[in-house]
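What follows is calculated from the coordinates using simple rules that are stated; it is not laboratory data. The shown structure was predicted, so the numbers you read here are calculated from the model rather than taken from an experiment. Cβ: placed from backbone, ideal geometry, glycine included. Neighbour counts: every protein chain shown.
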Amino acid sequence: MEFSQLRIFQAVAEEGSITRAAERLHRVPSNLSTRLKQLEEQLGVELFLRERQRLQLSPAGKVLLDYAARLFALHDEAQAAVQGGQPAGEFVLGTMYSTAAIHLPALLARYHRTYPAVNLQVQSGPSGELLEGLLTGRLDAALVDGPLALAGLDGVPLCDETLVLISEADHPPVRSALDVEGRSVFTFRQGCSYRMRLESWFAHYHAAMGRAMEIESYQGMLACVIAGSGVALMARSMLDSLPGRESVAVHALAEPFARATTWLMWRKGMVGANLNAWIELQQAAAGQVRAAG
């Protein structure tokens, strides 16, 4: 097997399509098809199953995808080691949408300035998808809602968030989920940890949650709430950054729903030079915030 073959295999596995993988890798689809066929012939197994116009990993493909991620990590670690242990190569970081918007810009800028040899890629998504990316090796690390106690993962906290419920400006005070029972809620798709927190909030008060309206941006959620179409849950730091925030009513939540902690997570035993450099910068930034406070 060649690393170039494994890169192609990984891209097709993640995209579920040879055409999309070819666009991502800036290559022609026929070349990817040929290389994948050669890889399957070398291994003597089928790596993909075609289901509903989408390529799905076969059992053998799932095994290879995990090994491919570990091989890429070892490749980057070896490269860093022979270069004096300095961060270099690929580093793929996953993050929740709100964290990417509020807490990452300064850290990303500092990381790029300090370690220009690292090709840092940031992928945003719901916590559930980010955790799946960690476990399959698609991501080197991820910023997710925690704390988590999943086998095979380790992590450190990034920041604490205050969570608030927002409604149209003239809505009466919300003291429990019973005050918004049956209202539509605006949230991200399944796998979003804040969505699960909102569902737990309604369940805690034995209140019926209205229809979940999936929105792909906090700006969109805010606009829908301003229009009086329903309610939404978000971090106070995220709300404070959005134009139009003065046009909604903000409702504090009771414990244990009022706070959340964002954690940096990674697979145990997979802390290479790139991730270690990020951890050191993140912890230094957190120390500066505490000192300023």
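Observations on the model:
- Shown here are the Rg and Dmax of the Cα trace of segment 192-293, at 17.7, 49 Å.
- Antiparallel DSSP beta bridges within segment 108-259, percent to nearest 5: 65 percent
- Spin-label pair GLU41-GLU246: with each label point 7 Å from Cα along the Cα-Cβ axis, the two points sit 6.9 nm from one another.
- FRET efficiency for ARG110 and SER17, using Cβ-Cβ distance with R0 set to 35 Å, rounded to 0.05: 0.45
- Solvent-free Debye calculation, one equal scatterer per alpha-carbon of segment 1-82: log10 I(q)/I(0) at 0.20, 0.25 Å⁻¹ equals -0.89, -1.27.
- Considering only VAL156, VAL164, VAL28, the mean-square fluctuation computed in a Gaussian network model of the chain, springs between alpha carbons under 10 angstrom, is largest for VAL28.
- Charge dipole (Cα centre; +1 on Lys/Arg Cβ, -1 on Asp/Glu Cβ; no other charges) of segment 113-250 amounts to roughly 80 debye.
- Each 10 Å bin, from zero up to the one with the longest distance, holds this percent of the alpha carbon pairs of the chain: 6, 24, 28, 23, 14, 5, 0.
- Close amide H pairs (under 5 Å, H built 1.01 Å from N) link GLN123 with LEU93, GLY94, THR95, residues at least 5 positions away or on another chain.
- Scaled against the 2.2 N^0.38 Å expected of a compact globular protein of N residues, the Cα radius of gyration of segment 77-225 reads 1.28.
- Estimated FRET transfer efficiency when R0 is 25 angstrom, pair MET1-ARG50 (beta carbons, to 0.05): 0.65
- Each Lys and Arg Cβ is given +1 and each Asp and Glu Cβ -1; about its Cα centre, segment 1-82 then shows a dipole of about 300 debye.
- Packing-based ranking, highest mean first, of 199-205, 110-116 given that Cβ atoms within 10 Å are counted: 199-205, 110-116
- Net charge dipole size for the chain [Lys, Arg +1 and Asp, Glu -1 on Cβ; Debye, nearest 20]: 280 debye
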